[in-house]
1. Using +1 at the Cβ of each Lys and Arg and -1 at the Cβ of each Asp and Glu in region 196-273, identify which of Thr255, Ala213, Gly202 lies farthest towards the dipole's positive end.
2. I want the antiparallel fraction of DSSP beta bridges within the chain, as a percent rounded to 5.
3. Considering only protein heavy atoms, what per residue accessible area in square angstrom results for the chain with a 1.4 angstrom probe?
4. Please work out the Cα convex hull volume for region 131-285 and give it in Å³ per residue.
5. Please report the Cα spread of the chain along all three principal axes, rounded to whole Å, starting with the longest.
6. For region 140-228, taking Cα atoms only, what is the radius of gyration to one decimal and the Dmax to the nearest whole Å?
7. Given the rule -39500 (n - 2.57) for each run of at least 4 DSSP H residues, summed and divided by the residues of the chain, what is its mean residue ellipticity at 222 nm, to the nearest 500 deg cm²/dmol?
8. At a Förster radius of 22 Å, what calculated FRET efficiency corresponds to the Cβ-Cβ distance of Ala195 and Arg89, to the nearest 0.05?
Amino acid sequence: MKFSAKRFVAVIALVMTCFVPRAAVALSCVWRVTSPNGAILYLGGSVHALRSIDYPLPTAYTRAFDASSRLVFEDDPKASSQGAKALLRAGTYPRGDTLKNHVDPRTYNYIRRFFALVNVPEDRFAKYRPWLINIMLSSPSFENWQLGVEQYLQRRAKGSKAMSGLESQKEHNSFFVELTDREAEALLLILFIAAGQGETGGSMIQAWRYGDADALNRMLQESFRDFPSLGRRLIDVRNRNWIPKIEGYLRSGKTYFVVVGGGHMGGPNGLLAMLRERGYKIEQL
């Protein structure tokens, strides 16, 4: 038989495919959860802001969406506007009080110099609590936010599927609102430290694309390495609060698609590990 380089490459590719370990096979951040009595629920890990180049989403999101009658997000989409207004009110100091009275002088001077570089006068930022400044500085552009997994699924579900939240708006906002002055200052410093180290979301999106839940959790936990108590409150405590609700969906007789930040899925205290411990079968799609 005449030797063909093209044929040789094709055969090698086919042979190598047969030996690719399961971990290397294209998976997604979507899981099917099956209870001992056969009830099914889908879990989807999200990235809250994406780029146009990140589309189309992995097909597992469409499969889970089509198989479900109800969608659940971290908070109820119907109340998100009201929740944002409440967060703004809570994050604004009362008249006569300012940021300067609540953070270390060195932190305040750093923040003041930062805003001076972008021509923001002191009276514009000093009326906000550190955690609200963190939200303002770290929020994605409207375009990227609209491309996030939640927004995409909410647009698809509008008028055809019921949508709700794992948390009320008060519960969702409580992570920020209940922070002490020191904790709120630490949260803002975390943002500046990450920016100074040049950390970007590229590796996070790559891990999400390939369904690497443990890597997503590690990245999220690592961002709180200097203030681990904040990480536990944002991730572990909320995960534990969500489990009874997820189990309730499995007992409801309806098929739910629960979509939360991808960092909540992996790790020893992640949703997947806790559901496995409770006897549920977990299959990655």
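1. With unit charges placed on the Cβ atoms, the residue in question is Thr255.
2. Values: 10 of 23 bridges.
For the chain, the DSSP antiparallel bridge percentage is about 45.
3. Values: 15970 Å² over 285 residues.
So the chain comes to 56 Å² accessible per residue, rounded to a whole number.
4. Details: hull volume 21.2 nm³, N = 155.
Once divided by residue count, the hull of region 131-285 is 137 Å³.
5. 84, 52, 36
6. 16.1, 45
7. On the way: 15 runs with 141 residues, N = 285.
When only DSSP H runs of four or more count, the value is -14000 deg cm²/dmol.
8. On the way: r = 27 Å, r/R0 = 1.23.
Efficiency computed from Cβ-Cβ geometry: 0.20.
The values are calculated or read from the model by the stated rules, or taken from the named source; none is laboratory data. Remember, predicted model here, so these are calculated numbers, not experimental data. Using ideal geometry, Cβ is built from the backbone for each residue, glycine included, and neighbour counts are taken over all protein chains shown. For accessibility, only protein heavy atoms count, side chains too; no ligands or nucleic acids. Shrake-Rupley method; radii C 1.70, N 1.55, O 1.52, S 1.80 Å.
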